[in-house]
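Here the structure comes first, spelled out in structure tokens, and everything after it is commentary.
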Amino acid sequence: MSGQSLTDRITAAQHSVTGSAVSKTVCKATTHEVMGPKKKHLDYLIQCTNEMNVNIPQLADSLFERTANSSWVVVFKSLITTHHLMVYGNERFIQYLASRNTLFNLSNFLDKSGLQGYDMSTFIRRYSRYLNEKAVSYRQVAFDFTKVKRGADGVMRTMSTEKLLKTVPIIQNQMDALLDFNVNSNELTNGVINAAFMLLFKDAIRLFAAYNEGIINLLEKYFDMKKNQCKEGLDIYKKFLTRMTRISEFLKVAEQVGIDRGDIPDLSQAPSSLLDALEQHLASLEGKKIKDSTAASRATTLSNAVSSLASTGLSLTKVDEREKQAALEEEQARLKALKEQRLKELAKKPHTSLTTAASPVSTAAGSIMTTPAIDIFSTPSSSNSTSKLPNDLLDLQPTFHPSVHPISAAPQVGSTWGDPFSATVDSVDDAIPNLNPFLTKTNDAAHLSVSSDVSTFTSRTPTHEMFVVHVFAPVMLLLTKLIKPHTY
């Protein structure tokens, strides 16, 4: 039975009615169930961030609205969903969050519904602070430290001195906010906080990798810096040593809760002699008396420290690569399962033979191809003039079959459009002698102008020819006698 509350079901139904699939998925990912957001809902929201027609501000606002809930479960899962989209979603999402003045105002959040609500409210306040700091860091440097290119030609290793001294403190602030989550293995008692801890664990490894490379770059340039720059650099390095101790404790908690030992990097401490060399160099720039130290000894100390930090960075990179490989294998396994399921569905369906008779398109094409072509410019054959056509297009009267054939034996010369009626009239006119001496042409005799509109006379039969001969011929003879001139 599903653990969703009645409120969750009603809220999801409301978004179903309004047609907002994104808001509905946000509600399903942030239900009152004491478990992490379901993967299918997170995957759908990630895909939404990659679609250009999805409104990113609306998606973010839906998550912010869920943080206004009084239940610690809903608020915590809203933060987890937001963090998941910031890490795995399209960069447009974190860009929008960075453009906002405020994100989560949960510094005073407290769920008084029970003892667990009191305990989890503390971690909600810390978690929201880290997400706010993560967005602020992106706003300041215009990139995510957990996604930057690493290595000898990475972003932090190739950064200039001035920019490096401004960027490393930003990483330190974000690292402080992450380590302030400060959870023990005994407090990871439910699926919600466990999901948040896993995201923080992955962020901690990637963030510390960028932090470590920034320190390597700083040490390589330290002895070439000016006095003020050396002072800032020394302060940064001292803070780095403190945070390395804290990150080691954080990784111990991860090991205690069951995270694979191979997924936890080995952190190598830099030699303590390096700190002394850095302090002596700064003192020499300030004009203080220091112990005599050769350049060779300083170079050796620096080389050992850089090698130690580089090995730490290599360990962090291997962990990150192993995680990427695991994610890739998981996606391949899911794709293989989907293919097998699809093949099973196709095997269950009956095999239908595809014939041309089953397709109306192919049937129509076949009928067109088998119909002989008609040459409209050729002389119509006699069969065309004697073809029996229906006498009434609306079938109001029975078809009349004449028994009398036309008298005129003149050849029928139809027009190009096959109008036999006009040809019949011409033949009748030619058969009547012209008895009027005032006419110069034989075809100028009283000629009945008959329209040859095809749309009007579409069903002419030999009956029409008999009608013309028996009715119009006597009339024409009478007219010629009346207009015959008198002889004097």
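The values are calculated or read from the model by the stated rules, or taken from the named source; none is laboratory data. Predicted, not measured: the structure shown is a model, and the values here were computed from it. So basically every Cβ, Gly included, is an ideal-geometry build from the backbone, and we count neighbours across all protein chains shown.
Please verify whether the range 146-157 includes one or more residues that are under 28 Å from Thr25 (Cβ atoms) and modelled with pLDDT under 95. Step through it out loud before you land on a result.
Applying the first criterion (under 28 Å from Thr25 (Cβ atoms)) to the range 146-157 yields 146-147.
Now drop any that are not modelled with pLDDT under 95, which leaves 146-147.
The answer is yes; a qualifying residue exists.
When the range 174-188 is filtered for residues that are touching a residue at least 40 places away in the same chain (Cβ under 8 Å) and loosely packed, with under 15 Cβ neighbours inside 10 Å, the ones remaining, listed by number, are Asp180, Asn182, Asn184, Ser185.
Just the residues that are in contact with an Asp or Glu (Cβ under 9 Å, 6 or more places away or on another chain) and closer than 13 Å to Gln172 by Cα, please, taken from the range 241-263. Please lay out each step first, then the result.
The initial filter retains those residues of the range 241-263 that are in contact with an Asp or Glu (Cβ under 9 Å, 6 or more places away or on another chain), namely 243, 246, 254, 261, 263.
Listed by number, the residues that qualify are Arg243, Arg246.
With respect to the conditions (1) modelled with pLDDT under 95; (2) over 20 Å from Trp72 (Cβ atoms), Leu188 lacks only one, and its number is (2). A single entry from Ala296, Ala333, Ala310 fulfils the requirement of being at pLDDT 70 or above, assigned by the TED database to the domain that holds Tyr237 and under 30 Å from Glu232 (Cβ atoms): Ala310.
Yes/no per residue for (1) modelled with pLDDT of 95 or more; (2) in contact with a His (Cβ under 8 Å, 6 or more places away or on another chain); (3) crowded, with 20+ Cβ neighbours inside 10 Å:
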{"site": "Lys39", "(1), (2), (3)": "no, no, no"}
{"site": "Ser62", "(1), (2), (3)": "no, no, yes"}
{"site": "Glu65", "(1), (2), (3)": "no, no, no"}
{"site": "Ala68", "(1), (2), (3)": "no, no, no"}
{"site": "Trp72", "(1), (2), (3)": "yes, no, yes"}
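Does the range 130-141 include one or more residues that are small (Gly, Ala, Ser), farther than 17 Å from Lys202 by Cβ and crowded, with 19+ Cβ neighbours inside 10 Å? Yes, some residue in the range 130-141 is small (Gly, Ala, Ser), farther than 17 Å from Lys202 by Cβ and crowded, with 19+ Cβ neighbours inside 10 Å.
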